[in-house]
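The structure under discussion appears below in the form of structure tokens.
Where a number appears in this text, it was derived from the coordinates with a stated rule and is not lab data. Only a predicted model underlies this, so the values are computations on that prediction, with no experimental measurement involved. With ideal geometry, Cβ positions are generated from the backbone for all residues, glycine too; neighbour counts draw on all protein chains shown.
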Amino acid sequence: MRFTLTKEFIDVLRQKYVEQDTSWFHENVLELHYADIAEILDQLTNDEAKFIYFLVDEDTQADILMELDEDVRDRFLASLTTKEIADQLENLDSDDAADILGELSDEQIHEVISQMEDDEAAEDIVDLLNYDENTAGGLMQKEFIQANMNWTVDRAIVELRRQAEDVEKVYNIYVVDELNKLIGLLSLKRLLFASPKTQISEIFQSKNIISVKTSDPDEEVAKIMEKYDLVAIPVVDFQNKLVGRITLDDVVNLIKEEADKDFQLASGISERIELNASVWRISRARLPWLLIGMVGGIFSAQVISQYENGITLVPSLAFFIPLITATGGNVGVQSSAIVVQSLAKGNDQIGSIMQKLMKEGLVGLMNGALLSVLIYGIAFIFASSTLGFVVSISLFVVVVFAAIIGTLIPLILHKNNIDPALATGPFITTLNDVIGLFIYFTVGMLLYQI
């Protein structure tokens, strides 16, 4: 039965914590799925969370730790001694342990590593810390199953049983040569049905083996796994030696983090923010784009002030300022969102780019024509024919320009290795406001001959 967290449950839990009723926790909390326990701990104080956490068995502790919200986990780990952190890391997969350790200071990292009892696990974690976190090496884990091509099936089964003790999920058996170079894959089915004295070299698959290098960007890894529908992918070094694997759950987490980051960038938030982040951190993340928006507003005000005499002579020009700015901003955001989505899928070839630019330009022409005809009729009925021409011509030009700008800006950012998601937020809206107002008043002054 699926667990649903309620305020009433938290209130009862806090009362049981005060009473130190461990039997209640065993019956009502510890039997839950680790993801549900993590959800509960996210709502508790540090002392309450630690009390429950250390009632759980070690294997489940590791799962809970990785399910906690990042800020909650950081606060939780900060309250532990280096020895307690070392004990927790030994229960985690090497990639998860490296991620947690990478958040600590160099001094803390040294202390934690020195207090780990499992030397092999400590060595794996230290090795992973040497890789950039945004590469395949920083994403991979050191736990995987491998077989030497010269082993017989019966020896391979014995060796794989030993290796499997440290591997939570077995997706593939990687086949290596004497130099530990990746040469193929072996399915578990073929291994089980082969005769005991058959050599691995006779039954493994050597064609179309998909792997990544340790230096490959993590986003490239995600694209490869999506393209080839992989649940795990081997990682090799520059000599093609097998050094790790990346599993689907790590890639899903990566995709989610990138999606969250892009969404926040598009919303004008410059860094990743959790729901329970401090007021200062939230303000710091939002302030840069608010300042940019304010500067854009000043430029817009300057544009309007340059045409103050014209507005005085034709006050009705001011009525349609919100229409011009809002429509231009919306069109720009729509165009940039389509381009950003396309770039995220890896479609960044020159031909593809030109095709996008032409297509968005044509869409702008069509939408601009339809909207301009509609607004001309509205302005003609409620104002005058001349104002109708001013608004309709301006709106047409603004829509076309906004579509082109919304397409070009993310492409330019991408070309300069800047996250193109920036183009879908206040940046593109502010730019279109200034340009839209300039076009609107220029057309107005020309048609009214002011």
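Things to note:
- Per-residue [θ]222 nm for the chain (sum of -39500 (n - 2.57) over DSSP H runs n ≥ 4, rounded to 500): -20500 deg cm²/dmol
- Net dipole in debye of the chain [+1 Lys, Arg Cβ; -1 Asp, Glu Cβ; about Cα centre; nearest 20]: 3240
- For region 145-255, the equivalent ellipsoid derived from the alpha-carbon gyration tensor has semi-axes of 25, 15, 12 Å in decreasing order.
- Cα lying deepest toward the dipole's positive end in the chain, options 316, 43, 254, charges on Cβ: 316
- For residue 147, the amide hydrogen comes within under 5 Å of the amide hydrogens of 174, 175, 176, counting only partners 5 or more places away or on other chains and with H modelled in the peptide plane.
- Shown in residue order for region 55-67 are the 3J(HN,Hα) couplings computed by the Karplus curve 6.51 cos²θ - 1.76 cosθ + 1.60 at θ = phi - 60°: 7, 7, 5, 4, 4, 6, 4, 4, 5, 5, 4, 7, 8 Hz (x for Gly and Pro).
- For region 46-115, the dipole from Cβ point charges (+1 on Lys and Arg, -1 on Asp and Glu) about the Cα centre works out to 300 debye, to the nearest 20.
- In the chain, taking the dipole from charged Cβ atoms about the Cα centre, the farthest positive-side position among 114, 305, 61 is held by 305.
- Förster radius 30 Å - calculated FRET efficiency between residue 283 and residue 126, Cβ distance, rounded to 0.05: 0.20
- Checking every one of the trypsin sites (Lys or Arg not before Pro) in region 1-98 against DSSP loop status and a limit of 12 other Cβ atoms within 10 Å picks out 2.
- Residues residue 365 and residue 166, FRET efficiency given R0 of 51 Å [Cβ-Cβ distance, rounded to 0.05]: 0.25
- Residue exposure sequence - 216, 249 - by fewest surrounding Cβ within 10 Å: 249, 216
- Region 189-239: trypsin sites (Lys or Arg not before Pro) in DSSP loop, at most 14 other beta carbons within 10 Å: 197, 207
- Distant-in-sequence amide contacts of residue 211, defined by a placed amide H-H separation under 5 Å and a gap of 5 or more residues or a different chain, comprise nothing.
- For the pair residue 20 and residue 155 in one chain, pulling the backbone fully straight at 0.36 nm per residue adds 43.4 nm over the alpha carbon distance.
- Coupling constants for region 393-407 follow from the phi torsions by the Karplus curve (6.51 cos²θ - 1.76 cosθ + 1.60, θ = phi - 60°), and in residue order they are 5, 4, 4, 4, 5, 4, 4, 5, 4, 4, 5, 5, 5, x, 7 Hz; glycine and proline get x.
- Rounded to the nearest 20 debye, dipole of region 145-255 from Cβ charges on Lys, Arg, Asp, Glu: 500
- Linear extension gain, residue 309 paired with residue 105, 0.36 nm per residue minus alpha-carbon span: 67.3 nm
- A full extension of the chain between residue 119 and residue 227 corresponds to an added length of 35.1 nm, given 0.36 nm per residue minus the alpha carbon distance.
- The alpha carbon centroids of region 206-263 and region 161-203 are separated by 21 Å.
- Radius of gyration and maximum dimension Dmax of region 43-143, Cα, Å: 13.1, 37
- Prolate/oblate/rounded call for region 87-132, Cα gyration tensor, a/c under 1.5 rounded: rounded
- Ordered by the number of other Cβ atoms lying within 10 Å of each residue's own Cβ, fewest first, 392, 283 fall into the sequence 283, 392.
- Applying the criteria of a DSSP loop state and at most 13 other Cβ atoms within 10 Å to the trypsin sites (Lys or Arg not before Pro) of region 90-173 yields 169.
- Pairwise alpha-carbon distances in the chain exceed 44 Å for 36% of all pairs.
- Long-range amide H partners of residue 244 with built H, under 5 Å: 235
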